[in-house]
Amino acid sequence: LRIAAHPRLYDALSEPPMLNGAQCAACGHVSFPPVLLGCEICGATGDELAPTALAAAGQVHSLAEVYVHPSAAELPFTVAEIVLDAGPLIRAMLDPQSDSVQIGDRVVGAWQVTGIDGSGSAVVEPVFVAEMASNTAGPSSDSPTGGQR
Ligand SMILES: [Zn+2]
C-alpha cells in the first residue's frame, strides 16, 4: 500500500501518478494545486470548479539545482518547473537518477518512496523522469536516435 506524503496534491494509488487539479467549467482553466474557492482566471466559484485528475506529464520549463534544504534527505537535488500537458505550470523534483534532463525535455511522473509510515506503508511523492524513448509521440524537435544534438 502506498500513502501520499501530500494527499491533497495527488493520488498515491494511481499508476502512473495522477495529480489532483481543478478545472473551471466556465472558462476551462485548469489549476494545480487545485483551486476550489474561485477560478484564478474568470472568478467562477462553487459548482463551476470541479476536481480533475491531471496526468503527470509535460515539458521542462526551467531547472534549478538545490544545494541547501532543511529537510531534504539527499542533496543536491533538482527542482524543475514543468508545463503539464493539461496546462498548469508546476514545480516538482526530478528523479535523482535522471540528471540528464534538459530544459525542453519531455518528462513523466514516477513514484519515489520517501519513507515508511508506522503501519509499514510506503510514503510516496511523485518525481519526474525523462520520458522513455519508446514513447515518442509528441511534437518533439529532437534529432533522430543516434543523431547529433
Ligand atoms: Zn474560469
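The values are calculated or read from the model by the stated rules, or taken from the named source; none is laboratory data. Remember, predicted model here, so these are calculated numbers, not experimental data. Heads up, the Cβs are rebuilt from the backbone with ideal geometry, glycines too, and the neighbour counts pull from every protein chain shown.
Here is the figure for the range 36-76: residues that are touching a residue at least 24 places away in the same chain (Cβ under 8 Å) and of a type in the set (Gly, Ala, Ser) total 8. The residues listed here are 97, 23; of these, the one that is closer than 20 Å to residue 129 by Cβ and in contact (Cβ under 8 Å) with a residue 12 or more places away in the chain is 97.
One line per residue, one yes/no per condition, for (1) away from the ligand (no atom under 16 Å from the Cβ); (2) surrounded by fewer than 18 Cβ atoms within 10 Å (Cβ to Cβ); (3) of a type outside the set (Ser, Thr, Tyr); (4) more than 29 Å from residue 118 (Cα to Cα):
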| site | (1), (2), (3), (4) |
| --- | --- |
| 3 | yes, yes, yes, no |
| 50 | no, yes, yes, yes |
| 60 | yes, no, yes, yes |
| 70 | yes, yes, yes, no |
| 89 | yes, yes, yes, yes |
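Screening the range 16-48 for residues that are of a type in the set (Gly, Ala, Ser) and surrounded by fewer than 19 Cβ atoms within 10 Å (Cβ to Cβ) and picking the one that is modelled with the lowest pLDDT gives 46.
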